[in-house]
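Trainee: Take a look at the following structure, please.
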Amino acid sequence: MNKLTTSILLLSLGIACSGCGSNQSFVFNNIDIGKGLSALEHTQDALTEVDETAEIALGREIATNLLGVAPLLENQEVQQYVNRVGRWVSIHSDRPELPWSFAVLDDNSINAFATPGGYIVLTKGLLLTLNNEAELAGVLGHEISHVLRRHHLNALKKASGMSALTEITDLILTANEQSTESLKLITAGTELYTRGLDKEDEFESDRMGIVLATRAGYDPYGLPAALQTLEMINPNDAGIAMLFKTHPSLDERLSRLDIAMASGFEQYESLPSAKERFTRTMAGIFSGGK
Amino acid sequence: MKRFLAARKAVSLWLILPLFTVASPSLGQDKAEQENASLVRETELKRKPFSDATTATTLPQSLNIHVLSRQSSWLQIRAQEQIGWVKMFSVRFTGHTESTSDSFAGTKELFNLITTGSSGSTVTTASRGLDENKFSDPTPNPDAFATMQSLAVSKTEAHSFAKEQNLREQQQDYLQISTSGSGGKS
C-alpha cells in the first residue's frame, strides 16, 4: 500500500472516530427494511462505533488485495450484469447507500468474497455453477448480508485479539506513515478469507440472503438451489476446497434453510427466476465476450 | 436428463458448457436428470408441485431417487417407477459419491455432468483452486479495483434492469433466529 493510500485510510478512520453510526430503520418504497432487525441485534457488539467511512476505506484496501488473487474476467457484459443484479438486491437492504460494486474473477474455482463497505468479488467458476438469475441473486444476497452485518469486521476484531473495533481504528490512527500496523491489518483482513467466518455468521447470511432476494422479487429458493448444486461437486475437487474449508457443511446450511423457510415462503413460489436472461448473458463467456 | 450427454467420457466441464449454453432451450423448468440423490426424510410424492396436490405415494427416508427438474421449491423426481414432485429440502444430492454406477447430470444445463467412464460419475471444476498464499501475502491490484468501481450501477439503472424482467418487490421481514423454525411472514 502506498503512502497516499495509507493517508486516505488514516484520514477516513479519523473521520470515523468523530461520529458513531447507529442501526436505524430504513424505509424503502414503504417497506420498513429495518423491521425485524431487532432479532439480529446480538451481533452488533461495538461495531456500530465504527463509522461507515472507515469501514469503506478498509474494505476497498482488502478488495484491492482480492483483485490481485486472479485477473478480472474480461467480459464487460457479464461484469455489468452481475453489478446490476447485485445492486438491485442491495437496494433492498438496510444499507442501500454503500458503494456496492461487484467483480468477477477469471478463475474456475468456486468462491465469493465480501469485503467491508460493499465490495463483492466472485469467481467465474461460481457463476457457471448457477442456473438462473434468482440463484445469483440469492448468492449475492448472502454476500451482501456479510457486509450488512459487518461479519468480516467482527472477525478481524477477534483475530486481532481486540475487544472492540475502535481498538483497530485507534491502532491505525496512532501509527505513523512508516508504521506497518495498518498494512498488517489490511493483510489480516485479506487472509481472513482462507480461514472463514463464524459458522453462525454464515447461517445468518443464508437467512438474510434469501430475504433480500425475495424482496427484490426473485424466486426465494435460488440460494438453496445453488447450495444443492454444490452438493454435486466432489468435495475433494481443488476448485471448491477453500469454500468447503471456510463454510459450514452444505447439509447443515440446507437444513437450517429448511427450518427458516418452513413457513411463509410458499406465497413466493411464483416469483421469477429470470433464467433466460441469465443463460443469455453467461453464453457470452464462451463466445469471446466484450 | 439428455441421454446423449450421459454417454460422454471425461469431457472437461468447461468444454461442454458452451454446448449447453447455446443448445439449451429456455424453459420454465430446469430440465436435466440428476441421479445420486436421496431423501432425508419420509416424503410425500405429489402429482403436481403444490402442497395441496394429490399425494401419489409416501416415499421412505433414505430412498435413492432420480431428480428430473426443479420448479421453485419443488423437485420433480422419479422413484419407485413413479414420477412426481417433492419438496427440495427433502432431497440431498450425493452425486459426488463413488458408490453409484450411474452417470449423472446436474439439475441445470450450464453445469451438467462429465462422466468418468467406469469409475462412476463426478463433477469437476477443472480448477486447481485459488492460491492461498495470495491471500496471506497479497499483491494489491489498484487498476482492477478502479475497473470494479467503474462497474458500479446506479439505483435508477438497477430499477430499469429489474423492470425488464417484471421483478416485483416484495415485503418480507428478516427471519427470526431460531433453530426450531419460524419463517417470518410479512
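The values are calculated or read from the model by the stated rules, or taken from the named source; none is laboratory data. Computed from a prediction, not measured in an experiment: that's the story for all the values here. Using ideal geometry, Cβ is built from the backbone for each residue, glycine included, and neighbour counts are taken over all protein chains shown.
Trainee: On the basis of being of a type in the set (Lys, Arg) and at pLDDT below 95, does B:LYS155 make the cut?
Mentor: On the way: of a type in the set (Lys, Arg): yes; at pLDDT below 95: no.
Against the criterion (of a type in the set (Lys, Arg) and at pLDDT below 95), B:LYS155 does not qualify.
Trainee: Another question, if that's okay. Tell me which residues, restricted to region A:67-88, are under 15 Å from the mean Cα position of the chain (by Cα) and more than 7 Å from chain B (Cβ to nearest Cβ).
Mentor: If the condition is that a residue be under 15 Å from the mean Cα position of the chain (by Cα) and more than 7 Å from chain B (Cβ to nearest Cβ), then A:VAL82, A:VAL85, A:GLY86 are the ones that fit.
Trainee: Can B:ASP137 be described as modelled with pLDDT under 95, farther than 27 Å from A:SER255 by Cβ and either of a type in the set (Asp, Glu) or under 30 Å from the mean Cα position of the chain (by Cα) (or both)? First the steps, then the outcome.
Mentor: Numbers: modelled with pLDDT under 95: yes; farther than 27 Å from A:SER255 by Cβ: yes; either of a type in the set (Asp, Glu) or under 30 Å from the mean Cα position of the chain (by Cα) (or both): yes.
When the stated conditions are applied, B:ASP137 passes them.
Trainee: Also, quick follow-up: If you check every pair at least six apart or on different chains, which have Cβ atoms under 6 Å apart with a residue in region A:243-258 that is more than 15 Å from A:GLU204 (Cβ to Cβ) first and a residue that is among the aromatic types (Phe, Trp, Tyr) second?
Mentor: Between residues of region A:243-258 that are more than 15 Å from A:GLU204 (Cβ to Cβ) and residues that are among the aromatic types (Phe, Trp, Tyr), the close pairs are A:ASP258/B:PHE89.
Trainee: What's the number of the condition B:HIS96 fails, among (1) within 19 Å of the chain's Cα centre (by Cα); (2) at pLDDT 90 or above?
Mentor: (2)
Trainee: Hey, another quick one. Kindly indicate the residue of region A:89-120 that is farther than 15 Å from A:ILE56 by Cα, surrounded by 24 or more Cβ atoms within 10 Å (Cβ to Cβ) and of a type in the set (Val, Ile, Thr) and also nearest to the other protein chains (Cβ to nearest Cβ) among those meeting that condition.
Mentor: If we take residues in region A:89-120 being farther than 15 Å from A:ILE56 by Cα, surrounded by 24 or more Cβ atoms within 10 Å (Cβ to Cβ) and of a type in the set (Val, Ile, Thr), then A:ILE110 is nearest to the other protein chains (Cβ to nearest Cβ).
Trainee: Taking region A:249-272, which residues are of a type outside the set (Lys, Arg), more than 8 Å from chain B (Cβ to nearest Cβ) and surrounded by 20 or more Cβ atoms within 10 Å (Cβ to Cβ)?
Mentor: Within region A:249-272, just A:LEU250 meets the criteria.
Trainee: Can you tell me which of A:GLU231, A:GLU276 is at the interface with another protein chain (Cβ under 7 Å from one of its Cβ atoms) and more than 23 Å from the chain's Cα centre (by Cα)? Walk me through it before giving the result.
Mentor: On the way: A:GLU231 fails: more than 23 Å from the chain's Cα centre (by Cα).
Going through A:GLU231, A:GLU276 in turn, just one is at the interface with another protein chain (Cβ under 7 Å from one of its Cβ atoms) and more than 23 Å from the chain's Cα centre (by Cα): A:GLU276.
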